[in-house]
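Visitor: Can you keep this structure in mind? I'll have questions shortly.
The values are calculated or read from the model by the stated rules, or taken from the named source; none is laboratory data. Note that the structure is predicted; figures quoted are calculated from it, not measured. Quick reminder, even Gly has a Cβ in these numbers, built from the backbone with ideal geometry, and neighbours come from all protein chains shown. When the accessible area is computed, the model is the full protein with side chains, heavy atoms only, and any ligands, DNA or RNA have been set aside. Shrake-Rupley method; radii C 1.70, N 1.55, O 1.52, S 1.80 Å.
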Amino acid sequence: PTTLKTYGSRVSLHSNPTAKRLLEIMERKQSNLCVSIDVTNTAEVLEIVRGVGSKVCMVKTHADIISDFSSAFADELVRFSKELDFIIFEDRKFADIGNTVVHQYQSGPLAIASWAHLTNAHPIPGPGIITGLSSVGLPLGRALLLLGEMSSKGNLATGEYTKKTMQMAKEAGREFVVGFIAMSRVDPEEEEDWLMLTPGVGLVQGGDKMGQQYRTPRDVILDSGCDVIIVGRGIYGVKGGKDAMEAEAEKYRRAGWEAYEERLKR
Ligand code: S5P
């Protein structure tokens, strides 16, 4: 099973360059940690990147919440992604028809495809959303995740919906769709190597006042067989600035990596 393979040994099972690079980075940096940087100005985003960049395999953004977003900022982020060795994941959650997402991905003030290595989409509009996004992203070596499950209380992405999401990805093939946002490994047959990225992670279980639910790195990596833990407020929310964030990121990196090492021994 996929959960018994090392990240490094899975590189050759992928053809998409972003998926390959992610697995290589994870192996090299001994990190299955993605930090979710959900702050609203570029100076703060870059401060967090400087603090935690060396600890993570991936930085996740919500570009549409950044008040002073600019192409110069995007260039800076790309520079950091090379220097500190991480993948940029824009958590756009596309959810429209193919023709519309083409423009949302390529154009507008954010021009996401020009700087984000990875993005994601809801399967709700049907496979045309993959066709649209891949027409822009594939020539650039970008990759896509489908949201097969969500972390928030009462969400509708369960059961049959999750199974059909998996099916949609299989039919699209792994050239562009490389995995899922999911709470557990959603490919019971494991015929192909899919990347499983999981938000809703904290060092202690719990939640927030708006339905978010947290599980620990160990729950996610060891018990649920996922590949990447996505942590937002648990890291950038600590007090004490850049150094405190770095120390907190190191705690998550270690917890995620130890759970992975334990999983390999199962
Ligand atoms: O189901 C989901 C999917 C995503 S991508 N639940 C989530 O929380 N997310 C995102 O992960 C969410 O948009 C946020 O950026 C991050 C979780 O942040 P945290 O502060 O709760 O760790």
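Visitor: Can you go through 243, 219 and tell me which one is acidic (Asp, Glu) and within 16 Å of the ligand (Cβ to nearest atom)? Steps first, please.
Guide: Numbers: 243 fails: within 16 Å of the ligand (Cβ to nearest atom).
Step by step, each of 243, 219 is checked, and only 219 is acidic (Asp, Glu) and within 16 Å of the ligand (Cβ to nearest atom).
Visitor: Another question, if that's okay. With (1) under 19 Å from residue 10 (Cβ atoms); (2) in contact with a Pro (Cβ under 7 Å, 6 or more places away or on another chain) as the list, and residue 197 as the residue in question, which single condition is left unmet?
Guide: (2)
Visitor: Look at residue 245 and say whether it is surrounded by fewer than 13 Cβ atoms within 10 Å (Cβ to Cβ) and either within 20 Å of the chain's Cα centre (by Cα) or not in a helix (DSSP H, G or I) (or both).
Guide: On the way: surrounded by fewer than 13 Cβ atoms within 10 Å (Cβ to Cβ): no; either within 20 Å of the chain's Cα centre (by Cα) or not in a helix (DSSP H, G or I) (or both): yes.
Considered against the rule, which asks whether it is surrounded by fewer than 13 Cβ atoms within 10 Å (Cβ to Cβ) and either within 20 Å of the chain's Cα centre (by Cα) or not in a helix (DSSP H, G or I) (or both), residue 245 comes out as no.
Visitor: Name every residue in the range 223-237 that is away from the ligand (no atom under 12 Å from the Cβ) and surrounded by fewer than 20 Cβ atoms within 10 Å (Cβ to Cβ), in order of residue number.
Guide: Scanning the range 223-237 gives 223, 224.
Visitor: Could you identify the single residue in 113, 157, 72 that is within 16 Å of the ligand (Cβ to nearest atom), of a type in the set (Gly, Ala, Ser) and over 20 Å from residue 231 (Cα atoms)? Break it down stepwise before answering.
Guide: Numbers: 113 fails: within 16 Å of the ligand (Cβ to nearest atom); 72 fails: within 16 Å of the ligand (Cβ to nearest atom).
Of the residues listed, the single one that is within 16 Å of the ligand (Cβ to nearest atom), of a type in the set (Gly, Ala, Ser) and over 20 Å from residue 231 (Cα atoms) is 157.
Visitor: Counting only residues that are loosely packed, with under 13 Cβ neighbours inside 10 Å and of a type in the set (Phe, Trp, Tyr), how many does the range 1-18 have?
Guide: Summing the residues that are loosely packed, with under 13 Cβ neighbours inside 10 Å and of a type in the set (Phe, Trp, Tyr) in the range 1-18 gives 0.
Visitor: Regarding the range 166-178, can at least one residue be identified that is in contact (Cβ under 8 Å) with a residue 24 or more places away in the chain, within 14 Å of the ligand (Cβ to nearest atom) and open to solvent by less than 60 Å² (accessible area, probe 1.4 Å)?
Guide: No; the residues of the range 166-178 include none that is in contact (Cβ under 8 Å) with a residue 24 or more places away in the chain, within 14 Å of the ligand (Cβ to nearest atom) and open to solvent by less than 60 Å² (accessible area, probe 1.4 Å).
Visitor: State all residues of the range 186-206 that are near the ligand (Cβ under 9 Å from one of its atoms), under 26 Å from residue 16 (Cα atoms) and part of a loop (DSSP other than H, G, I, E, B); if no residue qualifies, say none.
Guide: 199
Visitor: Could you look through the range 65-124, keep only residues that are in a loop (DSSP other than H, G, I, E, B) and among the acidic types (Asp, Glu), and pick out the one that is least open to solvent (accessible area, probe 1.4 Å)? Walk me through how you get there before you give the answer.
Guide: Start the filter on the range 65-124 by keeping residues that are in a loop (DSSP other than H, G, I, E, B), which leaves 66-70, 84-86, 95-97, 107-111, 115-117, 122-124.
From the residues that got through so far, the ones that are among the acidic types (Asp, Glu) too are 68, 85, 96.
Details: 68: 74, 85: 31, 96: 61 Å².
Ranking the qualifying residues of the range 65-124, first place goes to 85.
Visitor: With respect to the numbered conditions (1) of a type in the set (Val, Ile, Thr); (2) within 18 Å of residue 14 (Cα to Cα); (3) away from the ligand (no atom under 16 Å from the Cβ), which one is the sole condition not fulfilled by residue 136?
Guide: (2)
The rows are residues; the columns are (1) in a helix (DSSP H, G or I); (2) away from the ligand (no atom under 12 Å from the Cβ); (3) open to solvent by 10 Å² or more (accessible area, probe 1.4 Å); (4) in contact with a helix residue (DSSP H, G or I) (Cβ under 6 Å, 6 or more places away or on another chain).
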position: 20; (1), (2), (3), (4): yes, yes, yes, yes
position: 25; (1), (2), (3), (4): yes, yes, no, no
position: 35; (1), (2), (3), (4): no, no, no, yes
position: 52; (1), (2), (3), (4): yes, yes, no, yes
